[in-house]
1. May I ask you to verify whether T3 is among the β-branched types (V, I, T) and either under 20 Å from N67 (Cα atoms) or touching a Ser or Thr at 6+ places or on another chain (Cβ under 7 Å) (or both)?
2. Check whether at least one residue in the stretch 74-90 is surrounded by fewer than 19 Cβ atoms within 10 Å (Cβ to Cβ), part of a helix (DSSP H, G or I) and of a type in the set (D, E, K, R), and report yes or no.
3. Anything in the stretch 1-48 that is of a type in the set (K, R) and free of Cβ contacts under 8 Å to residues at least 40 places away in the same chain? List them, or say none.
4. What is the one condition in (1) closer than 25 Å to D96 by Cβ; (2) under 13 Å from the mean Cα position of the chain (by Cα); (3) loosely packed, with under 12 Cβ neighbours inside 10 Å; (4) not hydrophobic (A, V, I, L, M, F, W, C) that Q41 does not satisfy?
5. Any chance the stretch 17-29 includes a residue that's part of a helix (DSSP H, G or I), surrounded by fewer than 18 Cβ atoms within 10 Å (Cβ to Cβ) and basic (K, R)?
Amino acid sequence: METIAQYKKKLLDEFEQREDEWTFGHFENRLREIRKGTNYQDAKGIIIEAHEIGEWNKTVKRYVLTNYSSFGNVSSELNSILQDVYSSLSSEDKKDWKID
């Protein structure tokens, strides 16, 4: 496994364990709490890094799907991740997330 900064691992582990209906905004806000001076671009970078490593799949999935649900698309940096997540969704998941 690639090395990832401890604050990123802590954040990703925290969200991987959550069972509530958190959104990408909650993830971004929590990042700003634990690492001053960060923003949504940093959060996207962490999601991209987690996806590349192949860990924290639940967190990556929920981040991109809640982002997509809010805006009807995702930024270009997250597009390929959304495609990967989409291809892994069941028909029922696609209905639940209102993605077709």
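1. So T3 fails the test.
2. Yes.
3. Listed by number, the residues that qualify are K9, K10, R18, R30, R32, R35, K36, K44.
4. (1)
5. no
Laboratory data are not the source of any read-out in this text; all were calculated from the coordinates shown. Nothing here was measured: the structure is a model prediction, and the numbers come from that model. Neighbour counts are summed over all protein chains in view; Cβ atoms, including those assigned to glycine, are modelled from backbone coordinates with ideal geometry.
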